[in-house]
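Chemist: The following block contains the structure, expressed as structure tokens.
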Amino acid sequence: MASATIASATPVLSVRNIEKSFPGVRALSGVSFDVAEGEAHALLGENGAGKSTLIKIVSGVFPPDRGEVIVDGKAVHLERPDDARRVGIATIYQELLLFPELTVAENIFMGHAPRGGFGRVDWRAMREKTKELLASLEIHDLDPDRVVGALSVGNRQRVEILRALSHEARILIMDEPTAALTEYDVRRLFDIVRKLKARGVAVIYISHKLDEIFAIADRVTVLRDGAHVATKRVAETDSAELVQLMVGRKIESLFPKITVPIGEPVLEVKDLVRRPLTKGVSLTVRAGEIVGLAGLVGSGRSELAQTIFGVTPAEGGEIKIRGKKVDIRSPGQARTLGIAYVPEDRGAQGLVRPMTVRENFSLAALGKVAFGGFIDRALERKLAGDGVKRFSVKTSSLEQVAGKLSGGNQQKIVLGKWLANQPKLLILDEPTRGIDVGAKAEIHRLMGELAAQGLAILMISSELPEVLGMSDRVLVMREGRIVAEFTREQATQEAAGAAMMGGQGVEQAA
Ligand SMILES: Nc1ncnc2c1ncn2[C@@H]1O[C@H](COP(=O)(O)OP(=O)(O)OP(=O)(O)O)[C@@H](O)[C@H]1O
Ligand SMILES: [Mg+2]
């Protein structure tokens with residue numbers, strides 16, 4: 001699929017010998033690479049390799065310590081994001097920066113709306129221009145007058161892309177754009193990327209998903225520990241080589257499922273109700289068992305997890321923990337009962353960003369490190385140190401502020417801190433989102449080990465291969481209900497996919 005012709009002689013964008021350090025970390029040590037007109041160029045690397053730092057420099061978020069950014073053969077000084085925009089660089093971050101109460105058209109033309117007489121915003125012209133932009137990408141299902149807050153994540157992302165195009169961006173940068181997208185939205189995004197390429201726009205694309213790189217990119221640049229390792233044509237490489245370049249070693253197989261004896265039920269849920277999304281759910285998870293919960297975004301999986309964990313206590317139905325009926329009204333109570341919950345949104349719920357790595361690790365295990373009001377610092381440091389080692393968290397020290405770590409390393413801390421508590425039931429919501437292949441294999445291996453020790457695991461994941469690869473049993477949720485159950489042997493991509501969509505088959509999903 002990747003087009004082999006990269007025409008123009010002068011690259012639209014080059015970076016030369018970029019260096020950047022943060023206190024205690026050398027994030028980039030002399031990185032160079034080029035992007036050609038009409039090319040999709042992927043950036044690949046382990047968590048903390050320096051990908052986001054590199055694109056923040058190109059986007060004018062902060063300056064490099066050394067090195068140059070060159071656009072159309074001329075060195076540019078990017079002091080702030082506006083400078084980057086002026087030379088045609090637009091960046092779409094994972095946290096979309098839109099105004100939810102404004103319309104699609106208003107968001108696209110925020111700050112540069114067409115003006116009529118007396119400098120007033122010309123609403124008609126704005127709507128017309130929005131329609132032109134939509135038409136140019138053959139998007140027919142997005143209404144310029146819709147309020148953005150009412151749109152799906154995938155559609156909001158399209159609005160951001162349109163906004164970038166309204167600024168005549170010639171270089172579009174996307175940092176893990178598909179992390180929170182459904183498969184359907186990913187396909188629509190790729191359609192747009194192909195159209196942009198055909199128009200000569202250069203796209204820089206960060207992703208941990210190798211299959212996406214093979215689907216959309218022309219070339220891929222691999223970073224390791226802040227250094228440039230290789231730039232390859234996608235048509236001339238394969239996943240094995242890319243992984244090897246990324247981690248500098250071979251990775252054991254993904255999804256190393258080990259079969260362990262299944263024990264007594266740890267969690268039994270019956271007819272659980274919590275409006276508006278949980279509409280009568282029954283399920284059981286046994287000791288040693290990994291139960292995968294598949295479903296589309298919005299099917300109610302995370303809401304179910306939050307109800308079991310007492311964030312949004314149940315309004316009806318029954319929960320039993322190890323055979324005993326319980327009434328969970330708060331997360332604190334859930335923890336006391338031996339439940340751990342790793343939420344999907346590590347930013348809002350999982351990680352205390354201003355606290356240090358050490359404090360974050362000990363927070364969930366306070367019962368173990370605090371005695372009579374005193375915290376055992378030595379034990380705390382040991383716990384955190386072990387956690388950092390076990391999950392290969394890339395941090396300059398235990399005293400690093402957790403919010404400054406790279407995205408994937410933050411996720412590893414969230415996981416690690418919950419396991420420090422030795423729970424009986426572990427609920428994982430998208431445990432490997434944003435995690436690089438090496439760390440992902442680690443986390444999967446760890447899940448297997450924990451199950452072997454008798455832990456019951458309920459795993460929510462939007463990645464079907466992960467669900468199918470890791471689970472003893474697969475449940476499919478749709479519109480607040482469990483609509484299908486498969487044994488490990490029965491569970492196939494087609495069967496689970498069809499149940500997720502409501503039996504219409506994957507292709508027709510909207
Ligand atoms: N503002 C900051 N202050 C201190 N350290 C930082 C800051 N931003 C990034 N770092 C560090 O720089 C290194 C590179 O981080 P970066 O976010 O670029 O990684 P990444 O390749 O995007 O990783 P991921 O795949 O996890 O998103 C990491 O060690 C990170 O902790
Ligand atoms: Mg990043």
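Chemist: Karplus couplings for the stretch 351-362 from phi (6.51 cos²θ - 1.76 cosθ + 1.60, θ = phi - 60°), rounded to Hz, Gly and Pro as x?
Modeler: The phi angles translate into 10, 8, 4, x, 7, 6, 4, 4, 5, 5, 5, 7 Hz.
Chemist: Let me ask something else. Under a cut-off of 18 Å between alpha-carbon atoms, report the aspartates and glutamates in cross-link reach of residue 74, not counting same-chain residues fewer than 8 places apart.
Modeler: 34, 37, 82, 83
Chemist: How much length would be gained if the chain were fully extended between residue 168 and residue 136, taking 0.36 nm per residue of separation minus their Cα-Cα distance, in nm to one decimal?
Modeler: 10.2 nm
Chemist: Using a/c under 1.5 as the rounded threshold, could you call the stretch 173-233 rounded, prolate or oblate? The axes a ≥ b ≥ c are square roots of the C-alpha gyration tensor eigenvalues, and prolate needs a/b larger than b/c, oblate otherwise.
Modeler: It comes out oblate by the Cα gyration axes.
Chemist: If you don't mind, another one. Just the number: Rg to Rh for the stretch 13-247, Cα atoms, Kirkwood Rh, two decimals.
Modeler: Reported Rg/Rh, Kirkwood definition of Rh: 0.98.
Chemist: What are the aspartates and glutamates whose alpha-carbon lies under 20 Å from the alpha-carbon of residue 324, with same-chain residues fewer than 8 places away excluded?
Modeler: Qualifying aspartates and glutamates at Cα under 20 Å: 264, 268, 271, 289, 315.
Chemist: Filter 51/195; 404/440; 417/440; 209/440; 382/440; 320/412 down to the pairs with a C-alpha to C-alpha distance above 19 Å, please.
Modeler: 51/195; 404/440; 382/440; 320/412
Chemist: Let me ask another. Based on the Cβ-Cβ distance of residue 32 and residue 446, what FRET efficiency does E = 1/(1 + (r/R0)^6) give at R0 = 35 Å, to the nearest 0.05?
Modeler: In this case the efficiency is close to 0.45.
Chemist: Whole Å is fine, so just give me how far the alpha carbon centre of the stretch 435-458 lies from that of the stretch 468-504.
Modeler: Between the Cα centres of the stretch 435-458 and the stretch 468-504 lies a distance of 21 Å.
Chemist: Helix 123-136 against the longest principal axis of the chain: what's the angle in degrees, Cα atoms only, rounded to the nearest 10?
Modeler: 80 degrees
Chemist: With axes computed from alpha carbons, what is the tilt in degrees of helix 377-390 against the longest principal axis of the chain, rounded to the nearest 10 within 0 to 90?
Modeler: So the inclination is approximately 60 degrees.
Chemist: Can you divide the C-alpha Rg of the stretch 401-510 by 2.2 N^0.38 Å and report the result to two decimal places?
Modeler: Normalised Cα radius of gyration, the stretch 401-510: 1.18.
Chemist: What Kirkwood Rh does the chain have if only Cα atoms enter the pairwise 1/r average? Answer in Å.
Modeler: Hydrodynamic radius (Kirkwood, Cα only) of the chain equals 24.5 Å.
Chemist: Among 52-61, 25-34, how do they line up by average Cβ neighbours within 10 Å per residue, starting with the highest?
Modeler: Answer by packing, highest mean first, reads 52-61, 25-34.
Chemist: Here's something else I'd like to know. Please work out how much length the chain gains when fully extended from residue 494 to residue 397, using 0.36 nm per residue of separation minus the C-alpha to C-alpha distance, in nm with one decimal.
Modeler: Full extension from residue 494 to residue 397 adds 30.4 nm.
Chemist: Provide the per-residue ³J(HN,Hα) series for the stretch 80-96, in order, calculated from phi with Karplus coefficients 6.51, -1.76, 1.60 and θ = phi - 60°, each as a whole number of Hz, with x at glycine and proline positions.
Modeler: Once rounded to whole Hz, the list reads 8, x, 4, 4, 5, 4, 4, 8, x, 9, 10, 10, 10, 8, 5, 7, 6.
Chemist: In nm, give the distance between the simple-model label positions of residue 147 and residue 190, each being 7 Å from the Cα along the Cα-to-Cβ direction.
Modeler: Going from the residue 147 label point to the residue 190 one covers 3.5 nm.
Chemist: Please go through the stretch 166-274 and write out the trypsin sites (Lys or Arg not before Pro) that DSSP classes as loop and that have at most 10 other C-beta atoms within 10 Å.
Modeler: Here the sparse-neighbourhood loop sites are 249, 250.
Every number in this text was worked out from the coordinates using simple rules, so none of it is lab data. Note that the structure is a prediction, hence the values are computed from the model and not measured. Cβ: placed from backbone, ideal geometry, glycine included. Neighbour counts: every protein chain shown.
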